[in-house]
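The values are calculated or read from the model by the stated rules, or taken from the named source; none is laboratory data. Just so it is clear, the model here is predicted, and its values are computed rather than measured. Positions of Cβ are generated from backbone atoms using ideal geometry, with glycine treated the same way; all protein chains shown enter the neighbour counts. Ligands, DNA and RNA are excluded from the accessible area calculation, which covers all protein heavy atoms including side chains. Shrake-Rupley method; radii C 1.70, N 1.55, O 1.52, S 1.80 Å.
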Amino acid sequence: YFCPKSMGRKGFRRFVEDKLVRLGGGFLLYSLLLGPIMNLYCFAYSGYPITYRFYTGPTWFILWLLNFTMIYAVIAQFAAPVKMNMPHPVILLLFGAFLSAAFYGVSVGVPPEWMSFGNMVQWRYGIGLYIPFFTAGIVAGRNDWMKSVEEMETWCVWMLRTIVVGFWILMFLEAGSGIIPIPGVNIDAGVLENLLPPIYAVPMTLTLIQFFHQYFNGTPPSKIAKSAGAAAYTVYIIHPLIYNVWIIAFIAILKSAGVTIVFSQKTMLLFGGTINPATGEPTMLPDGYIWAGWLWTLILTQLTVWPLAHYMRQLPVL
């Protein structure tokens with residue numbers, strides 16, 4: 001969204017240099033240093049062979065954001081700007097349905113060996129989400145669509161919020177029933193996962209922008225909101241290191257309580273200590289342990305990763 005204004009303010013050369021440092025630097029920091037360090041301590045604790053390896057982790061997305069930005073920077077030198085008002089949110093929802101069809105087509109039509117071509121994590125997301133959303137962000141930035149989102153009618157705002165909450169319930173039931181069976185819930189996960197992302201992403205994006213404008217966009221912004229906004233990029237880069245520390249801590253608590261923990265040498269999954277007589281394989285941990293571990297990791301990660309990211313940004317090298 002901010003690329004057109006940034007390009008206009010800085011010019012082509014400074015814009016490209018800035019993105020190479022900000023995006024390329026974050027990608028290399030994690031892939032060459034932070035990611036390999038995380039793998040080393042996780043593998044060491046789990047008993048897996050310890051080796052250094054280049055590991056992109058979540059920063060694969062930063063690499064592709066850099067790719068898209070560089071492509072935009074080149075195209076913007078000769079392509080005429082697209083002028084158009086923001087379509088009505090209902091029209092955008094229909095566009096999300098069209099993207100879901102494209103997403104589904106790529107999911108079933110592209111061979112699995114091509115899904116990760118170029119280090120893209122699944123080209124169905126690239127075609128159905130990342131490329132159209134990046135393009136829409138450029139058009140929105142050139143035509144100041146933010147104002148239209150901020151001024152949406154009340155009925156439209158609540159319609160979008162209701163749709164988003166409905167999708168949350170659907171996703172929770174689908175994910176929960178796959179891990180911990182929920183009586184009476186039988187959702188075809190394959191169909192849902194091949195259709196849902198784009199048609200959910202459209203109302204979710206509009207809802208988030210409007211919600212944060214309404215409740216967290218004070219003038220001047222609060223100190224917490226301002227600090228969180230500034231730290232968000234660093235949080236994205238470092239969060240795997242933090243939540244894995246808390247996962248290891250939770251495992252250590254279980255061990256100290258007498259729970260036998262088995263690390264699979266085949267799939268890198270965590271199991272309880274009992275053996276399934278039918279398969280000879282260790283069984284999953286009890287449901288209560290899984291839910292407790294999820295809450296433990298979620299809460300403690302949020303309480304630590306944001307302050308840590310805030311203070312990391314104060315370092316001279318960052």
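Computed values, structure above
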| quantity | calculated |
| --- | --- |
| Acute angle (nearest 10 degrees) that the helix 131-143 long axis makes with the longest principal axis of the chain, alpha-carbon atoms | 40 |
| Two-site FRET efficiency, LEU28 against LEU170, from Cβ-Cβ distance with R₀ of 51 Å, rounded to 0.05 | 0.85 |
| Nearest 10 degrees, 0 to 90: helix 223-256 Cα axis against the chain principal axis | 10 |
| Listed candidates (i) 56, 48, 34; (ii) 51, 46, 29; (iii) 66, 52, 45 - label of the one calculated as Cα extents along the principal axes in Å | (iii) |
| ³J(HN,Hα) computed for each position of segment 32-39 - Karplus, 6.51 cos²θ - 1.76 cosθ + 1.60, integer Hz, glycine/proline x | 8, 10, 5, x, x, 4, 4, 4 |
| Where labels lie 7 Å past Cα in the beta-carbon direction, separation of VAL139 and TYR311 in nm | 4.6 |
| Interatomic Cα distance distribution for segment 8-140, bins of 10 angstrom, percent | 11, 28, 31, 22, 7, 2 |
| Accessible surface, per residue, of the chain when the full set of protein chains is kept, probe 1.4 Å, Å² | 59 |
| Nearest 10 degrees, 0 to 90: helix 287-312 Cα axis against the chain principal axis | 50 |
| Segment 40-91 shape via C-alpha gyration tensor axes, a/c threshold 1.5 | oblate |
| Accessible area (Å², 1.4 Å probe, nearest 10) - LEU206 | 10 |
| Close Lys-Lys pairs in the chain, where close means Cα under 23 Å and separation is 8 or more or interchain | 10 |
| Rounded percent of accessible protein surface that carbon and sulfur make up, segment 64-213, 1.4 Å probe | 72 |
| Rounded to whole Hz, the Karplus (6.51, -1.76, 1.60) HN-Hα couplings of segment 198-212, x for glycine and proline | x, 5, 7, 5, 5, x, 5, 5, 4, 5, 4, 4, 5, 5, 6 |
| Fraction in percent of alpha-carbon pairs per bin - 5 Å, segment 1-49 | 4, 19, 16, 13, 11, 9, 9, 7, 6, 5, 1 |
| Built amide H within the under 5 Å cut-off of LEU285, gap 5+ | GLY272 |
| Assigned charges on the beta-carbon of Lys, Arg, Asp, Glu; segment 1-132 dipole about Cα centre (debye) | 520 |
| Rounded accessible area of SER256 (nearest 10 Å², 1.4 Å probe) | 100 |
